[in-house]
Every structure is written in structure tokens, then in C-alpha cells.
Amino acid sequence: MSQLHDWWLSEYAAEIASTLREREKLRMPFHFHSPEFRYRPYLVNWLRKVSEDMKMCNTCVHLAVYILDIFMDNHAIVVERLNLVTLVCLLLAAKFEERDSNVPKISELNLLVENPHPLRDYINVEFMILKFLNWNLVIPTAAHFAEYFAMFATLPSDLQHACSVQSYRHLQELAQKYIKDFLDQSLLEESLMGCRPSLVAAACVAAARYYLNLASPWSATLCEVTHYNLHHLQPYLNILLRTRTPVKSIKRKTFESPDHGYGTDNSTSSSPEVPSSKR
């Protein structure tokens, strides 16, 4: 019965992955035009911290970051409003990816900033972002692809090459952990922003296998499942391994609120109700 369930699950996941590949082709390209791009690392880390505190899933975090990135890339946002836009991106991603019980209330989001935003500001920015995205949030990210690829990240035959691993289940758990760590890291890699998310996800799996000291960072099964061979992945794998740092829980005191430090930009003006489009 378990084998039948696993087969059904993998077949169902394969259909989803096929749909994601089709949707991947429709993603908007990045042009790196945002005048606020220098704030991105701070905003992404803050978004990750908030998501971690609220126990949101990985696909929610990655979708929120993508929405933030593509919206910033196409709009000039007053610096003082970046925290509002970031929170709205997280709210939209949560509405799409999380259970209703785990979607944050606006009152909860306002507790994360020193200067709470009126309800109408959240509604206005949410409407503007949805309109920009053509009311479509079916946007594949590396985390979505990784959910499928991770099912094939290891094989029982890998166990003989893994050091200090007690069982195959332990190996699978370690692989899942490393994949998530590399996915988190990929969010901060600006050179990966414009890459296909399926490619980034596959590179994260390869990086996890590398860190597990398996005989090979790739396998024939993964080649078939992901549609990529190691040659395709090597440049992205090199980026992940070259910049590898331990991904730990982010300390609260570091990212309590992005309110401070934004007012020093001489190019900012009085805050409008919503960001202005560059198009």
C-alpha cells in the first residue's frame, strides 16, 4: 500500500511539475531597474525573519520575495514605503500558499513596524500589486520545483557513500535540510534572480548532494526528473558552493523593523499613498 501511495504521489507531483514548467515560461523578466535595489538584501532578510516567526512554508517565502522583486523592478517606490510593500507581498503570498488559519492579519503585520500603516494603505498597495500581476499568483519559484525534485534527491544506493549517516531516512532528512538551506541562500544571490527557478532548484539539490559527500552530485534519476544534466547546473552550482555560508535562524534584534535608516536617502520625497509605476 505504501509503494502504491508513493507511486501515486510521485505521478501527481510530476503533473504539477509539468504545469509549473509551462508557467515558468510566462514569468516576467528581471531588468534590475529598481532605484531601491540596494535595500533588497535587508528587505529579503527581514521578510525571511517574519516568515520564520509566523511559521510560513518555504514556497510562501519564495513567492513573497519574487513578488517583491518583480514589483520593485517595475516601480519607483518611496523608500519609507518599502516596509509596507514588503508586508503586502508577504500577505499576498500567504493568502495563496498558506492555510487560512496561518494568513496574518493586518493588525499583526502592523506590530512589525514602528509606524503602523492604515488599513486603506494595505488595500491600495495590494490592489496595485495584483493589478500589476494581472491578478495571477500562480507563479513558480525555486521552492515550488524543489518540493518535487527533493523526492528524488537521494536513492538507497547513495547510503553506501554517505559518511556518518545511520539510515536512509536520516540521509533523506539531511538532504531536505541542505536543500532548504541552499534555497534560502539562493534568495540572497542577486545573480540568480533572473534564472529559471527550475534551474535554481536543481542546483540546490546538486549542492545538497555535494555537501552530503555522495559519489556524485547528480544522478540519472535526477537528470530525468529535472530535465537538466550536471553541465547545465555547473555555473549555478558553483555560485551556491562558492558563497556557501551556514543558514541559521536570523536573530530578532537584527531585523526587528526596516523603519530605521530609510530616511537618509536624499532622493526620497513625501510618501504617496501607493508607489508609482515606471511604465
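Every read-out reported here was derived from the displayed coordinates using simple, explicitly stated rules and does not represent laboratory data. Given the structure is predicted, the values throughout are model-derived calculations rather than measurements. Using ideal geometry, Cβ is built from the backbone for each residue, glycine included, and neighbour counts are taken over all protein chains shown.
Counting other Cβ atoms within 10 Å, which trypsin sites (Lys or Arg not before Pro) in the range 36-105 have at most 16 and lie in a DSSP loop?
Counting only loop positions with at most 16 other Cβ atoms within 10 Å, the trypsin sites (Lys or Arg not before Pro) in the range 36-105 are LYS55, ARG99, LYS105.
Using packing as a proxy for protection, rank 58-71, 134-147, 152-165 so that the peptide with the highest average count of other Cβ atoms within 10 Å comes first. Present the calculation step by step, with values, prior to reporting the outcome.
Values: 58-71: 24.5, 134-147: 20.1, 152-165: 15.2.
My ranking of the peptides, most packed first, is 58-71, 134-147, 152-165.
Report ³J(HN,Hα) in whole Hz for each residue of the range 187-195, in order, from the Karplus equation J = 6.51 cos²θ - 1.76 cosθ + 1.60 where θ = phi - 60°; Gly and Pro get x.
For the range 187-195, the Karplus curve yields 5, 9, 8, 4, 5, 9, 4, x, 7 Hz.
Here is the link list: LYS25/LYS105; LYS25/LYS95; LYS95/LYS177; LYS49/LYS95; LYS55/LYS131. Which ones come out longer than 21 Å on Cα distance?
LYS25/LYS105; LYS25/LYS95; LYS95/LYS177; LYS55/LYS131
For the range 16-87 and the range 144-195, compute the distance between their C-alpha centroids and round to whole Å.
Each part's Cα centre sits 23 Å from the other's.
I need the peptides 196-205, 178-187 ranked by packing, meaning the mean over residues of other C-beta atoms within 10 angstrom, with the highest value on top. Intermediate results must be reported in sequence, preceding the final value.
Values: 196-205: 26.0, 178-187: 22.9.
Going from most to least packed, we get 196-205, 178-187.
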